[in-house]
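The values are calculated or read from the model by the stated rules, or taken from the named source; none is laboratory data. This structure is a prediction, so every number in the text was calculated from the model and none was measured. Because the Cβ atoms are built from the backbone with ideal geometry, glycine has one as well, and the counts that use them run over all protein chains shown.
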Ligand code: HEM
């Protein structure tokens, strides 16, 4: 079956890198009827290939609160995932798991924390240089009747480099648009970037070979057949199809603090300072991996197979935490006996294997943009990722791999870039960073300051375009 690109919002397919200017409007619905009227015809940009590529683009997403404010019936809203409905800042347990403690506490966020700072709708605007202001004016004028603006988040074009100075956006999953990848719940032993469509779009099989839960409606709820019919449940209208969840977090970066700390550790040796910073990220500032590439793609064809001791890329480096690739496979893999031993759970390090096994279930499609950077202004990353399952993708990566102090059996560490550095409930420190050495004990840094502070965030649903039109027609 061919892919309905005309029904998919383009950000998922393109990322709009050529539209280097962007801003994100956080809106609250003031008048639901006027809001629905705008959404019915809003000029949202699809994933169809256009030649020449568009000069502007717009994407629209909703929080759970936004769907309710729009007038969508409760039983439909409740078909979305529990974590989406609860929201990123909903409770203490989630905040602890995501590392939103201390300076990251949602109570301090500029948006997405307190109820009255919770956006209903996210309108993402992208444009070629010189055209964003006009595009923003047009859309604002259209939205005026239905919405009030909570915030307008600006972005900065830093030419593919994030504020600490590292090339960003190198490693991404490759979406299996052709649906050629066999989707099944079975261990696979080759690391690949190719990832099932259903990991990013609702309504298609995911890496388990199943369909992620989403609102499926009785056909009578969609008499005009605005929605596609579900592939997995005959006759049901699929409100999720061609939609995705969008996670957004405003992450302020203390660039000066980052380089001051690495400089003090390197005692002013500029080359060593750079190497330390690169060890924390797991790539050189220019984007090269620290491990030896295994294929033609020098920047991304690699696994941690050849670096089982973490001598080249520390286990706790940001990219090794956020995507351990196949680091869980013991050396010599895949011989059938050790595979069986592991399957049965008898391996001596089976616990560790379990924790970081099957990275293919935890891939994130990153679509973030940098912001700020003028003198005296905050600087950071509007982290954005797309996925069909917030709990299994973003929350797992953020919670178990980046924030978790058990990752890869590393004691006393969190992610070296993102960690909040507060001790765990049992007093375990989280402010260390170890770098295994070929001989002798690991080299280690202690007392890492916090370099990144969460300033806002929310979970959104980025609907397919037919679903967007359906949502604009709901009768409250
Ligand atoms: C200010 C915050 C952050 C900074 C400065 C940052 C920086 C970087 C850099 C420099 C890379 C390497 C280049 C690349 O592969 O694109 C990278 C990769 C990555 N980051 Fe982050 N990041 C941040 C936040 C996050 C967060 C919050 C997550 C997830 C919850 C995340 C997940 C990833 C992933 C999945 C990769 C690719 C790893 C791979 O496949 O090899 N990052 N990041």
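For the stretch 409-476, which fully contained strands (runs of 3 or more DSSP E) count at least 1 residues that are at pLDDT 95 or above, within 16 Å of the ligand (Cβ to nearest atom) and crowded, with 20+ Cβ neighbours inside 10 Å? Before you say what the answer is, go through the steps one by one.
Values: elements: 433-435, 443-445, 452-462.
Per the criteria, 433-435, 452-462.
Return yes when residue 140 is buried (at least 16 other Cβ atoms within 10 Å of the Cβ) and either more than 23 Å from the chain's Cα centre (by Cα) or in contact (Cβ under 8 Å) with a residue 40 or more places away in the chain (or both) and no when it is not. Don't jump to the end; show me each part of the working.
On the way: buried (at least 16 other Cβ atoms within 10 Å of the Cβ): yes; either more than 23 Å from the chain's Cα centre (by Cα) or in contact (Cβ under 8 Å) with a residue 40 or more places away in the chain (or both): yes.
Yes.
Among the listed residues 317, 279, 308, 296, identify the single one that is loosely packed, with under 15 Cβ neighbours inside 10 Å and under 21 Å from residue 402 (Cα atoms). Reasoning before the result, please.
Values: 317 fails: loosely packed, with under 15 Cβ neighbours inside 10 Å; 279 fails: loosely packed, with under 15 Cβ neighbours inside 10 Å; 296 fails: under 21 Å from residue 402 (Cα atoms).
The unique qualifying residue is 308.
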Whether any residue in the stretch 96-110 is within 30 Å of residue 275 (Cα to Cα) and more than 16 Å from the ligand (Cβ to nearest atom) is what I want to check. yes
Give me the pairs, please: first residue somewhere in the stretch 385-398 and over 8 Å from residue 246 (Cα atoms), second residue anywhere and part of a helix (DSSP H, G or I) and near the ligand (Cβ under 10 Å from one of its atoms), beta-carbon distance under 7 Å, and either six or more positions apart or on two chains. 395/98; 397/322; 398/98
Residue 194 crowded, with 21+ Cβ neighbours inside 10 Å and under 24 Å from residue 10 (Cβ atoms): no
Those residues of the stretch 231-247 which are part of a loop (DSSP other than H, G, I, E, B) and either at positive phi or surrounded by 24 or more Cβ atoms within 10 Å (Cβ to Cβ) (or both), in sequence order: 235, 239, 240, 241, 242, 243
